[in-house]
Structure formats: structure tokens, C-alpha cells
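Asks: Just dropping this structure here.
The values are calculated or read from the model by the stated rules, or taken from the named source; none is laboratory data. Everything quoted here is computed from the prediction, not taken from an experiment. A quick note on method: Cβ atoms are made from the backbone with ideal geometry, for glycine too, and the neighbour counts reach across all protein chains shown. Note: accessible area is taken over every heavy atom of the protein model, side chains too, but ligands, DNA and RNA are not part of it. Shrake-Rupley method; radii C 1.70, N 1.55, O 1.52, S 1.80 Å.
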Amino acid sequence: MEAADYEVLSVREQLFHERVRECIISTLLFATLYILCHIALTHFKKPAEFTTVDDEDATVNKIALELCTFTLAVALGAVLLLPFSIISNEVLLSLPRNYYIQWLNGSLIHGLWNLVFLFSNLSLIFLMPFAYFFTESEGFAGSRKGVLGRVYETVVMLMLLTLLVLGMVWVASAIVDNNKASRESLYDFWEYYLPYLYSCISFLGVLLLLVCTPLGLARMFSVTGKLLVKPRLLEDLEEQLYCSAFEEAALTRRICNPTSCWLPLDMELLHRQVLALQTQRVLLEKRRKASAWQRNLGYPLAMLCLLVLTGLSVLIVAIHILELLIDEAAMPRGMQDASLGQVSFSKLGSFGAVIQVVLIFYLMVSSVMGFYSSPLFRGLRPRWHDTAMTQIIGNCVCLLVLSSALPVFSRTLGLTRFDLLGDFGRFNWLGNFYIVFLYNAAFAGLTTLCLVKTFTAAVRAELIRAFGLDRLPLPVSGFPRASKKAQHQ
């Protein structure tokens with residue numbers, strides 16, 4: 001063999017080893033996410049559904065739980081996708097010739113983006129509908145009972161659903177773009193249909209993030225105020241403990257002497273109220289034992305951090321709106337070649353990249369909190385060891401829709417300059433200037449409105465409570481007028 005043949009074989013062998021290494025790394029990363037998600041779902045599932053007398057139902061629930069674990073792992077991977085790419089670029093930029101990070105390259109990052117896109121399509125279009133129909137199926141009438149009969153019914157239902165969705169997408173494409181070439185492109189199931197369908201789902205997720213994130217940003221302040229111990233100026237724990245003890249004593253007397261009241265009593269409701277008051281009193285005791293550092297430093301710092309992160313997010317979006325009006329390069333776009341380690345995607349270097357990662361995680365947590373705080377999805381909130389299987393499936397679908405839209409959401413708002421890789425950058429609506437501009441303006445306006453309203457209302461309410469103005473008979477904004485009976489007492 002000639003030297004050229006040896007060189008070709010060497011290049012092919014090196015390429016083969018790189019592909020094997022990337023497969024091993026991707027498998028290890030996904031296995032880690034899968035284990036974490038399995039532990040989380042195990043703590044939320046309802047144990048009675050997996051220890052039933054009917055082994056068939058228990059087997060079906062176990063299979064559905066594994067599919068939900070896979071979907072939740074993909075959702076977590078979609079959340080970590082953009083931060084991992086930004087950090088990898090900064091690491092390669094700082095240590096370009098380090099031997100121990102040679103495995104970290106653009107080919108690996110590009111492969112991870114493609115895998116997340118593929119598994120997201122697989123979970124949303126096939127696995128989660130299969131899991132739902134599988135848990136609800138009972139087998140065809142006249143067929144033999146068992147798991148296999150349920151599988152047959154689920155496959156038939158899934159095929160009918162696929163035909164229905166395919167027809168709806170085809171009709172929607174004909175209405176939006178009445179072009180023969182665009183309609184014929186949908187016949188290519190893999191190259192056009194799945195990306196087009198996923199583009200519609202991603203657009204729905206981006207709209208959901210637009211609504212839920214401002215709500216979550218406003219909700220973060222109230223949740224932080226409940227978890228942390230406030231300074232004594234803003235909170236009187238002694239008074240709350242006395243009130244809790246008096247209410248518990250009154251309820252205990254009503255339980256011990258039910259005949260003293262001429263109205264019928266709901267004893268079960270009274271017992272639940274007593275348990276809730278006891279739990280509240282234990283929490284208040286722990287808050288009272290908090291140190292002065294926790295009381296006077298922890299709460300102000302936490303509120304200041306939330307205010308800074310929220311204000312910084314709005315400021316970045318406002319700057320991005322101005323850039324959209326001036327520079328066409330500010331529009332989100334796809335990138336086919338992941339050339340990492342050449343230039344930083346932040347004007348502030350590594351410090352700016354860290355800020356970008358923190359803001360992305362902060363907005364994702366806020367969007368999840370806003371999602372579960374909204375009246376429409378509040379009933380979907382999971383409960384500890386008391387979440388039904390169908391509710392777990394619904395939570396996994398919603399979290400996957402939110403998380404898979406996070407890279408597009410972050411790039412559309414200008415939180416990062418890292419362009420979308422793979423099929424994430426093929427969405428048609430990303431090139432529409434009016435959609436991107438209105439989306440940025442709506443996010444900045446809604447976030448500012450929620451922030452001003454929530455922050456000012458919270459500060460006003462805390463100051464009124466601190467100075468005791470809520471006990472006055474005068475009507476105070478934010479507090480209901482005391483009744484005449486209460487005033488005479």
C-alpha cells in the first residue's frame with residue numbers, strides 16, 4: 001500500500017474513534033440525566049398505582065413511568081443544552097491546547113443538539129401519546145386480556161392520531177402557504193414533516209414562555225419572602241405564634257366539646273385545620289430561631305439578587321430591541337457549523353458568558369414557577385407521593401414543550417449570541433422581523449408591568465403591616481375594610 005492509502009486509513013480510523021468517543025460521552029450524559037429524573041419521578045408517583053393487586057395495571061404503569069423518565073431526561077437535556085454550549089466555548093477559548101479537554105469540540109456539541117431535537121420529536125409525537133393511550137387502554141372487545149392486547153389497542157389509536165395530526169398540519173400548511181411545493185414537501189416525513197410539526201410545537205412553547213415567565217418573575221419575590229426569614233421591621237413572628245396558638249386552642253375546644261355548638265361540625269375538616277396550624281407553628285418556631293445574619297442579611301440580599309437579575313433581563317431585551325431596529329445581524333438564525341473556541345459570544349468575555357448562563361437558568365425556573373402558578377395549569381401541579389400516572393404524563397409533556405423552546409426563547413430575546421445549531425435554526429418564523437420584534441417588546445412590557453406591580457404592592461403591604469396600619473378601621477389600599485361588627489368588638 002502506498003503512503004496516501006495509509007494516510008486515508010489513518011484519517012478514517014481517527015474519525016471512527018472520534019465518533020465512538022462522542023457516542024460514549026453522549027450516552028454517559030444521558031444516563032446521568034435519566035437516573036436523576038427517575039429518582040425525581042419516584043418521589044412524586046403514587047405508590048398505590050404500582051402495588052395494585054392487578055399485575056397488569058402495575059406493569060402498564062411501570063412501562064409508562066419509564067417513558068416519562070425518558071421524556072423528562074430529554075427535557076432536562078434541552079435546558080442544559082445552551083448553557084453547556086456557552087460554557088464549552090469559553091473553556092475552549094481559555095484552554096485551546098489543553099490535552100484533557102480534547103474531547104470537547106464542535107462536533108460533540110452539534111451532535112448533542114441533533115440528539116435533543118430528535119428525542120424531543122420522538123417523545124412529543126410518539127412516546128407520550130403512547131404512554132397516555134397505554135395507561136387508558138383495556139384491550140379490544142373480545143380479545144385476550146393482557147399487556148399485549150393493550151399494546152395492540154394503543155398502536156391503533158396512535159396510528160389514528162398520527163393520521164389526524166398529519167392531516168391538520170397539511171391543511172395548516174395549505175392555509176398559511178398555499179404553494180404546491182410547500183405542500184408536497186410535507187410528504188417527506190423525516191426531512192420536512194417532523195421539523196415543520198416541531199416548529200409549530202416550538203412556537204407554542206415560545207408563546208407559553210412569553211406568558212409564564214413574567215408571571216414567574218413576579219411570583220419569585222413572594223415565594224422568596226415565604227421561604228426566608230424577614231427582618232423584624234417587616235415581620236412580627238411573636239404575634240404570628242400567638243395567633244396560631246389561639247386558633248389551635250379554639251379548634252381543639254370545638255373538637256373536644258362538639259355539643260357546645262348548635263351548628264353541625266365537620267370533624268374531619270377541623271382535624272385537618274389543627275394539623276395545618278401545628279405545621280405552621282413548627283415552621284414559625286424555626287423561623288424565630290434564625291440568627292440575626294439570616295434575618296437581617298439573607299432576606300435583603302435575596303430580594304436584591306432577584307431584582308438585579310430581573311432588571312438585567314429587561315435591560316438586555318431592551319438593548320436587543322434597539323439592535324433589531326439598527327442591525328439585521330441581531331435576528332436569530334441557525335448555524336450549521338459549530339465552530340467553538342474561536343470567539344466569545346459575549347462582549348464581556350467569560351464574565352458575560354457566566355451572566356448569560358445564570359439568566360437562562362433564572363428565566364427557566366421563573367417560567368416553570370409561572371406555569372404552575374397560572375390558574376389554567378394549577379391543577380397539574382405534582383404532589384409528593386400523590387401524583388397520578390396521567391398527571392405525570394401531562395407534566396412531562398408540558399415541561400418538554402417549555403424546555404425545548406428555551407434555546408429559541410433565549411436567542412430570540414438576545415440573551416446570548418450563540419446561534420441555534422442543527423434543526424433548531426430551521427424554524428421559518430425565526431426569520432420574520434415583525435414576529436421577533438413584537439415578541440421582544442411584549443416580553444419587556446409584560447415583565448416590567450409585573451415587576452412594578454408586584455414589587456411596589458409587596459413593599460407597600462409590608463410597610464403597612466410593619467406600622468400596624470392594617471389594624472386601623474380606615475380603608476387602606478390593598479386591605480379589605482374591616483366590618484362594623486369587628487370595629488365594635
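Asks: Would you call residue 366 assigned to a loop (DSSP other than H, G, I, E, B) and in contact (Cβ under 8 Å) with a residue 12 or more places away in the chain?
Replies: On the way: assigned to a loop (DSSP other than H, G, I, E, B): no; in contact (Cβ under 8 Å) with a residue 12 or more places away in the chain: yes.
It is false that residue 366 is assigned to a loop (DSSP other than H, G, I, E, B) and in contact (Cβ under 8 Å) with a residue 12 or more places away in the chain.
Asks: Quick one: is residue 112 under 28 Å from residue 21 (Cα atoms) and either in contact with a strand residue (DSSP E or B) (Cβ under 6 Å, 6 or more places away or on another chain) or surrounded by 20 or more Cβ atoms within 10 Å (Cβ to Cβ) (or both)? Talk me through it step by step, then tell me what you get.
Replies: Details: under 28 Å from residue 21 (Cα atoms): yes; either in contact with a strand residue (DSSP E or B) (Cβ under 6 Å, 6 or more places away or on another chain) or surrounded by 20 or more Cβ atoms within 10 Å (Cβ to Cβ) (or both): yes.
Yes: the conditions hold for residue 112.
Asks: Got at least one residue in region 379-386 being assigned by the TED database to the domain that holds residue 216 and open to solvent by less than 10 Å² (accessible area, probe 1.4 Å)? Don't jump to the end; show me each part of the working.
Replies: The initial filter retains those residues of region 379-386 that are assigned by the TED database to the domain that holds residue 216, namely 379-386.
Among the residues that remain, those that are also open to solvent by less than 10 Å² (accessible area, probe 1.4 Å) are: none.
The answer is no; no qualifying residue exists.
Asks: Quick one: what pairs do we get from region 98-111, first residue without any contact (Cβ under 8 Å) to a residue 40 or more places away in the chain, second open to solvent by 30 Å² or more (accessible area, probe 1.4 Å) and part of a loop (DSSP other than H, G, I, E, B), C-beta under 8 Å, 6+ apart or different chains?
Replies: 101/95
Asks: Hey, residue 401 hits all of (1) farther than 20 Å from residue 112 by Cβ; (2) in a helix (DSSP H, G or I) but one; which does it fall short on?
Replies: So the condition that residue 401 fails would be (1).
Asks: Would you call residue 392 in contact with a helix residue (DSSP H, G or I) (Cβ under 7 Å, 6 or more places away or on another chain), closer than 28 Å to residue 223 by Cα and not small (Gly, Ala, Ser)?
Replies: On the way: in contact with a helix residue (DSSP H, G or I) (Cβ under 7 Å, 6 or more places away or on another chain): yes; closer than 28 Å to residue 223 by Cα: yes; not small (Gly, Ala, Ser): yes.
Yes.
Asks: So which pairs qualify, if the first residue must be in region 429-446 and in the same structural domain as residue 321 (by the TED database) and part of a helix (DSSP H, G or I), the second must be open to solvent by 60 Å² or more (accessible area, probe 1.4 Å) and not hydrophobic (A, V, I, L, M, F, W, C), the Cβ gap must be under 9 Å, and the two must be at least 6 apart or on different chains?
Replies: 430/333; 431/333; 433/328
Asks: Go through 140, 134, 119, 130 for me and flag whichever is open to solvent by 40 Å² or more (accessible area, probe 1.4 Å), within 26 Å of residue 197 (Cα to Cα) and either over 20 Å from the mean Cα position of the chain (by Cα) or among the polar types (S, T, N, Q) (or both).
Replies: Values: 140 fails: within 26 Å of residue 197 (Cα to Cα); 134 fails: open to solvent by 40 Å² or more (accessible area, probe 1.4 Å); 119 fails: either over 20 Å from the mean Cα position of the chain (by Cα) or among the polar types (S, T, N, Q) (or both).
Of 140, 134, 119, 130, the one residue that is open to solvent by 40 Å² or more (accessible area, probe 1.4 Å), within 26 Å of residue 197 (Cα to Cα) and either over 20 Å from the mean Cα position of the chain (by Cα) or among the polar types (S, T, N, Q) (or both) is 130.
Asks: In this structure, does residue 418 turn out to be modelled with pLDDT of 70 or more, buried (at least 21 other Cβ atoms within 10 Å of the Cβ) and either in contact with a strand residue (DSSP E or B) (Cβ under 8 Å, 6 or more places away or on another chain) or within 14 Å of residue 313 (Cβ to Cβ) (or both)?
Replies: Details: modelled with pLDDT of 70 or more: yes; buried (at least 21 other Cβ atoms within 10 Å of the Cβ): yes; either in contact with a strand residue (DSSP E or B) (Cβ under 8 Å, 6 or more places away or on another chain) or within 14 Å of residue 313 (Cβ to Cβ) (or both): no.
Judged against the criteria, residue 418 is not a match.
Asks: Residue under question is residue 353, and the condition is that it be open to solvent by 30 Å² or more (accessible area, probe 1.4 Å) and in a helix (DSSP H, G or I); does it hold?
Replies: It is false that residue 353 is open to solvent by 30 Å² or more (accessible area, probe 1.4 Å) and in a helix (DSSP H, G or I).
Asks: List every residue pair whose Cβ atoms sit under 8 Å apart, with the two residues 6 or more apart in sequence or on different chains, where the first one lies in region 122-146 and is under 24 Å from residue 70 (Cβ atoms) and the second, anywhere, is of a type in the set (Lys, Arg) and surrounded by 19 or more Cβ atoms within 10 Å (Cβ to Cβ).
Replies: Note: pairs meeting the criteria are 134/150; 137/150.
Asks: Name every residue in region 114-142 that is in contact with an Asp or Glu (Cβ under 8 Å, 6 or more places away or on another chain) and either over 29 Å from residue 26 (Cβ atoms) or hydrophobic (A, V, I, L, M, F, W, C) (or both), in order of residue number. Spell out how you get there, then give the answer.
Replies: First, the residues of region 114-142 that are in contact with an Asp or Glu (Cβ under 8 Å, 6 or more places away or on another chain): 114, 117, 133, 137-140.
If the condition is that a residue be in contact with an Asp or Glu (Cβ under 8 Å, 6 or more places away or on another chain) and either over 29 Å from residue 26 (Cβ atoms) or hydrophobic (A, V, I, L, M, F, W, C) (or both), then 117, 133, 137, 138, 139, 140 are the ones that fit.
Asks: I'd like to check something: does region 439-453 contain any residue that is within 23 Å of residue 122 (Cβ to Cβ) and either modelled with pLDDT of 90 or more or of a type in the set (A, V, I, L, M, F, W, C) (or both)?
Replies: Residues of region 439-453 within 23 Å of residue 122 (Cβ to Cβ): none.
The answer is no, given that none of the residues of region 439-453 is within 23 Å of residue 122 (Cβ to Cβ) and either modelled with pLDDT of 90 or more or of a type in the set (A, V, I, L, M, F, W, C) (or both).
Asks: Answer yes or no: is there a residue in region 62-74 that is open to solvent by 50 Å² or more (accessible area, probe 1.4 Å) and in contact with a helix residue (DSSP H, G or I) (Cβ under 6 Å, 6 or more places away or on another chain). Before you say what the answer is, go through the steps one by one.
Replies: Pass one, region 62-74, residues open to solvent by 50 Å² or more (accessible area, probe 1.4 Å): 62-63, 66.
Still in the list and also in contact with a helix residue (DSSP H, G or I) (Cβ under 6 Å, 6 or more places away or on another chain): none.
No, there is no match, as no residue in region 62-74 is open to solvent by 50 Å² or more (accessible area, probe 1.4 Å) and in contact with a helix residue (DSSP H, G or I) (Cβ under 6 Å, 6 or more places away or on another chain).
Asks: Here is a list: 160, 164, 124. Which entry is part of a helix (DSSP H, G or I), of a type in the set (A, V, I, L, M), at pLDDT below 85 and over 22 Å from residue 87 (Cβ atoms)? Write out each step before concluding.
Replies: On the way: 160 fails: at pLDDT below 85; 124 fails: at pLDDT below 85.
One residue alone meets the criteria, 164.
Asks: Looking only at region 369-378, filter to residues that are of a type in the set (Ser, Thr, Tyr) and touching a residue at least 24 places away in the same chain (Cβ under 8 Å); which one of those is least open to solvent (accessible area, probe 1.4 Å)? Give the derivation first.
Replies: To start, the set of residues in region 369-378 that are of a type in the set (Ser, Thr, Tyr) comprises 372-374.
Restricting the remaining residues to those that are touching a residue at least 24 places away in the same chain (Cβ under 8 Å) gives 373-374.
Values: 373: 32, 374: 13 Å².
Residue satisfying both the conditions and the ranking: 374.
Asks: Working only within region 92-106, note down all residues that are open to solvent by 50 Å² or more (accessible area, probe 1.4 Å) and part of a helix (DSSP H, G or I).
Replies: Within region 92-106, 93, 94, 99, 100 meet the criteria.
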